[in-house]
Amino acid sequence: MVKNKTAWGGDWTNQKLDAFEKYVNAYLAIMHSQKRKYNGWPTTIYFDGFAGSGSRFLSQETENLFKDFNYNKEAEVYKGSVERVLSLALKFDYYYFVDNNQDNIESLKRKLLEQNLITSNCHFIHGDVNEQLLKFAALLDKQKAALVFLDPFGMQIQWSSIEPLKDKRVDLWILVPSGVIINRLLDKKGDLQHIELLESYFGLQEEEIRKEFYQEKTDRTLFGDIGIVEKTKDAIHKIAKIYVQNLKKIFKYVTKQPLVLRNSKNVPIYHFVFASNNKTALTIASQIIEKKQK
């Protein structure tokens, strides 16, 4: 029995993973076509920065963080990203599954072994995703094509870990916790008690963050003019917009409209963003997002 844990995800989780699986299928079809044409080139690599345990359970602390968004009322059994990718008919040359929890890694291995999905090309890494991304980026060259899937529940991804992917042959899907976490840190009064985390996540300085999400106004009262700070309207969608703008400094093509994931109250909780240096890849991802968003 798992204590102090709650099932993770629901309709929005499946929506995200269904969109991702469709993209992986299209990606592998194109890459295998290139391999036949160019005698096995390029080497294809799959990198999952939050492979998890193969089950969806959250700690009590994380459950409390999400409680206002009704995620726990939407739970249902589903195939996780690792299982989906390994079950596809077309394969990558190499798979890298990363998780910062050793127990998760071992649990994932056991689950995949039971389903006979592990091959010698699967590599399981216990470590911090930011450190592993830096190592991974350093190994990439023109002979390697990578699909990177970053699916954190929070703000674990640092901007400095994304930057080394610049000019690499990488397609990136990243989950941005726009409504469920970031919008909360951007408090209405602009106190920004977690500014270091926001700076690290966006790759922006405090002054830039304040400029994007707040404006100063003067309120005239009987006792004179009082300066007040107001948070921008529709901050959740602006969070995604700013992140997309920043990704364009690294990748040539980024989805203008990410996949918006909502909870049962129709509140946006995440934005699923795609980035690549390949125009065709953007077209495919955008079409998938458009169909899922309807």
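The values are calculated or read from the model by the stated rules, or taken from the named source; none is laboratory data. As the structure is a computational prediction, the values presented were derived from the model and not from experiment. No Cβ is skipped: glycine too gets one built from the backbone with ideal geometry, and neighbour counts run over all protein chains shown. Heads up: the accessible areas ignore ligands, DNA and RNA and are worked out on the full protein's heavy atoms, side chains in. Shrake-Rupley method; radii C 1.70, N 1.55, O 1.52, S 1.80 Å.
What to note about this one:
- Take the conditions (1) at pLDDT 85 or above; (2) more than 22 Å from S161 (Cβ to Cβ); (3) among the polar types (S, T, N, Q); N100 misses just one of them, which is (2).
- Strands (runs of 3 or more DSSP E) completely within the stretch 122-232 that count 2 or more residues being farther than 30 Å from K265 by Cβ and open to solvent by 70 Å² or more (accessible area, probe 1.4 Å): 214-221, 224-231
- Count of the stretch 137-188 residues which are among the aromatic types (F, W, Y) and either within 20 Å of A281 (Cα to Cα) or more than 17 Å from the chain's Cα centre (by Cα) (or both): 2
- Within the stretch 84-102, if we keep just the residues that are in a loop (DSSP other than H, G, I, E, B) and either within 15 Å of G52 (Cα to Cα) or hydroxyl-bearing (S, T, Y) (or both), the residue that is least open to solvent (accessible area, probe 1.4 Å) turns out to be N101.
- Verdict on E207 being farther than 24 Å from V260 by Cβ, in contact (Cβ under 8 Å) with a residue 40 or more places away in the chain and of a type in the set (D, E): no
- The lone criterion from (1) more than 20 Å from G154 (Cβ to Cβ); (2) crowded, with 18+ Cβ neighbours inside 10 Å left unmet by Q287 is number (2).
- Residue check for I105: in a helix (DSSP H, G or I), surrounded by 16 or more Cβ atoms within 10 Å (Cβ to Cβ) and touching an Asp or Glu at 6+ places or on another chain (Cβ under 6 Å): yes
Per-residue answers, yes or no, for (1) over 26 Å from I236 (Cα atoms); (2) touching a residue at least 12 places away in the same chain (Cβ under 8 Å):
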position: Q102; (1), (2): yes, yes
position: K109; (1), (2): yes, yes
position: N116; (1), (2): yes, no
position: V129; (1), (2): no, yes
position: F149; (1), (2): no, yes
position: I181; (1), (2): no, yes
position: D191; (1), (2): no, no
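This table checks each residue for (1) surrounded by 15 or more Cβ atoms within 10 Å (Cβ to Cβ); (2) at negative phi; (3) in contact with a Pro (Cβ under 9 Å, 6 or more places away or on another chain); (4) among the polar types (S, T, N, Q).
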{"position": "Q245", "(1), (2), (3), (4)": "no, yes, no, yes"}
{"position": "K265", "(1), (2), (3), (4)": "no, yes, no, no"}
{"position": "N277", "(1), (2), (3), (4)": "yes, yes, no, yes"}
{"position": "T280", "(1), (2), (3), (4)": "no, yes, no, yes"}
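- Test: residue in the stretch 4-25 that is open to solvent by 70 Å² or more (accessible area, probe 1.4 Å), at pLDDT below 95 and farther than 22 Å from K109 by Cα: yes
- Count of residues meeting criterion [of a type in the set (A, V, I, L, M, F, W, C) and in a loop (DSSP other than H, G, I, E, B)] in the stretch 266-293: 1
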